[in-house]
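Visitor: This structure is in structure tokens; I'll ask about it shortly.
The values are calculated or read from the model by the stated rules, or taken from the named source; none is laboratory data. Remember, predicted model here, so these are calculated numbers, not experimental data. Cβ placement follows ideal geometry from the backbone for every residue including glycine, while neighbour counts extend to all protein chains displayed.
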Amino acid sequence: MKSHRLLDGRRVDLVECNARQKAFLADLQKMARQDVSYFEVYRAAIGPGSPALHGRDRIDRRVVESPLYLVARDIATRAGIRQGLVLAPEHENERPTAPRDASMISVAQTADVIGITRAAIYKAIEKGALEAIRIGNVTVVSRASADAYRQRRESLDRPEPRARARQMSHRSETRRQRHADSPVGRAAVS
């Protein structure tokens, strides 16, 4: 990799990057191709301990303008766009239509709230089980809809009280039968 074109169209020259830095960028691209969570790619790209920070704790102008940082951040941003978590530059004009309150959450946040995969969230949206809107390339879900969906799932996972009582009595009967069939149980009966 000798150069990289950023989302804004600028070309970044990577000739000055050493082999370790180029391997770091290649690893980030691999993570993005493998659909590793945007948040993990972002953390690896420019989070604490990232080679893009050049061993520093803080980000300053020199770090932000360095080719390694620019490309690492660009790779992470592209992963976020692909995963529908970051608004693509061509949809920037739609940003004002996005709700400003906390009533809408990302698909990734919805998956965490409900406890299912992002793919399952998209299927639930398609079926109409979750209320969502699309802003450019990003899908956001109604927080109230996500909470209601989670509650419905939880209520389906819990058996009704009578069914639970029947299950318990069946288990007790099964245990009694096993005990009666065991040598200890037979000795107690005779």
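Visitor: Of all residues in the stretch 13-44, which are at pLDDT 95 or above and touching a strand residue (DSSP E or B) at 6+ places or on another chain (Cβ under 9 Å)?
Guide: LEU25
Visitor: Just to check your reading of the model, which residue among HIS4, HIS54 is of a type outside the set (Val, Ile, Thr), farther than 30 Å from ALA148 by Cα and out of contact with any strand residue (DSSP E or B) (no Cβ under 6 Å at 6 or more places or on another chain)?
Guide: Of HIS4, HIS54, the one residue that is of a type outside the set (Val, Ile, Thr), farther than 30 Å from ALA148 by Cα and out of contact with any strand residue (DSSP E or B) (no Cβ under 6 Å at 6 or more places or on another chain) is HIS54.
Visitor: One residue is enough: does the stretch 73-89 have a residue meeting the conditions more than 18 Å from the chain's Cα centre (by Cα) and modelled with pLDDT of 95 or more?
Guide: yes
Visitor: Scan the stretch 21-53 residue by residue and report those that are farther than 25 Å from ALA119 by Cα and surrounded by 14 or more Cβ atoms within 10 Å (Cβ to Cβ).
Guide: Within the stretch 21-53, GLN21, LYS22, PHE24, LEU25, ILE46, GLY47, SER50, PRO51, ALA52, LEU53 qualify.
Visitor: Let me ask something additional. Being part of a helix (DSSP H, G or I) and closer than 13 Å to ALA76 by Cβ: is that true of GLN21 here?
Guide: no
Visitor: Could we say that ASP13 is of a type outside the set (Lys, Arg), assigned by TED's automatic domain parsing to the domain that holds ILE75 and under 14 Å from TYR69 (Cα atoms) here? Give the derivation first.
Guide: Numbers: of a type outside the set (Lys, Arg): yes; assigned by TED's automatic domain parsing to the domain that holds ILE75: yes; under 14 Å from TYR69 (Cα atoms): yes.
Yes, satisfied.
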